[in-house]
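Accompanying notes for the structure given below.
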Amino acid sequence: MELLRSLTSGDTIFAKIRVYIIDVLMTEMMKAKKICRLFVTMLALFVLASCSNDPEWADPEAHEKTEQLQKQYGWQLEGTWYCEYTNDKQRFYERLTFWEDGTLTGNRKWQKRSLVTINGEQQYTDWEDMESLVGSFSGTWKLEWQRNENGVGENRLILYASFDEPDEQGNGWMAYSHNMLFDYDGGDTLRINGIQNSEYQRGYAEPSF
């Protein structure tokens with residue numbers, strides 16, 4: 001009988017120990033789950049906070065003035081502009097279309113001739129196209145406020161475009177890769193300090209040559 005009581009008593013102790021161990025393990029597991037949930041919550045809050053922060057610009061003033069420039073002039077420049085001029089040795093025509101989505105399309109015709117002496121008399125050669133600088137082209141346009149080398153702010157028109165007709169290697173010649181000054185007073189004349197420092201008129205017109 002004493003032996004039986006001893007075994008029974010031992011089993012009871014082991015059972016209590018087993019229950020105690022299980023209880024401790026469950027408690028630790030619950031703590032671990034809480035810590036894990038807390039970590040996930042903190043991580044989510046950090047991600048949301050990072051997404052909601054405004055981007056930091058290298059030059060906040062330039063960014064702000066660029067936005068103002070786009071709001072003031074962007075919609076006014078949208079549409080088609082053209083220019084044409086002729087002198088004794090060259091004649092130039094260009095049409096630019098500024099689209100609302102920032103796309104640029106255009107067409108350029110550019111010819112030149114030379115004054116030569118033949119049999120003691122001066123005369124002009126026939127007009128010749130400026131190879132690789134004429135034809136239709138497409139690309140992008142945007143307005144941007146920038147500081148020049150002296151730190152003075154300037155309104156800039158930035159054009160990137162390549163001719164639609166590729167060269168023999170299949171590459172498109174660059175029609176524009178220009179960051180240039182522009183002057184616009186809200187009327188029908190746009191002055192561009194670009195290829196020819198030209199005045200462009202609003203509207204569409206075919207070249208006269």
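Since every read-out is calculated from the coordinates, none of them should be taken as a lab result. Values in this document were obtained by computation on a predicted structure and should not be read as measured data. We place every Cβ from the backbone using ideal geometry, glycine too, and count neighbours over all the protein chains shown.
If you add up the charges near SER208, with Lys and Arg at +1 and Asp and Glu at -1, over every other residue whose beta carbon is less than 12 angstrom from its beta carbon, what do you get?
Working: positive: ARG91, LYS109; negative: GLU84, GLU206.
In short, 0.
By the scheme Lys and Arg +1, Asp and Glu -1, what is the net charge of all other residues having a beta-carbon under 9 Å from that of TRP127? Walk me through the intermediate numbers first.
Numbers: positive: ARG91, LYS112, ARG113; negative: ASP126, GLU128, ASP129.
Computed value for this residue: 0.
Residues with amide H under 5 Å of GLY172's amide H, sequence separation 5 or more or different chain, H placed in the peptide plane at 1.01 Å from N; which?
ASP167
If you plug each phi of the stretch 108-124 into the Karplus form 6.51 cos²θ - 1.76 cosθ + 1.60 with θ = phi - 60°, what whole-Hz ³J(HN,Hα) values come out, in order, with x for Gly and Pro?
For the stretch 108-124, the Karplus-derived couplings read 9, 10, 9, 10, 9, 8, 10, 9, 10, 10, 10, 6, x, 10, 8, 8, 8 Hz, x marking Gly and Pro.
Give LYS89/LYS109; LYS71/LYS109; LYS65/LYS142 a once-over and call out the pairs whose C-alpha atoms are over 23 Å from each other.
On the way: LYS89/LYS109 14 Å; LYS71/LYS109 32 Å; LYS65/LYS142 13 Å.
Over 23 Å Cα-Cα: LYS71/LYS109.
Using a 10 Å cut-off on Cβ atoms, rank the peptides 82-92, 125-135 from the highest mean neighbour count down.
82-92, 125-135
Quick one: what are the phi-derived ³J(HN,Hα) couplings along the stretch 192-209, Karplus 6.51/-1.76/1.60 with θ = phi - 60°, whole Hz, x for glycine and proline?
10, 8, x, 4, 10, 6, 9, 9, 9, 9, 6, x, 10, 8, 7, x, 8, 10
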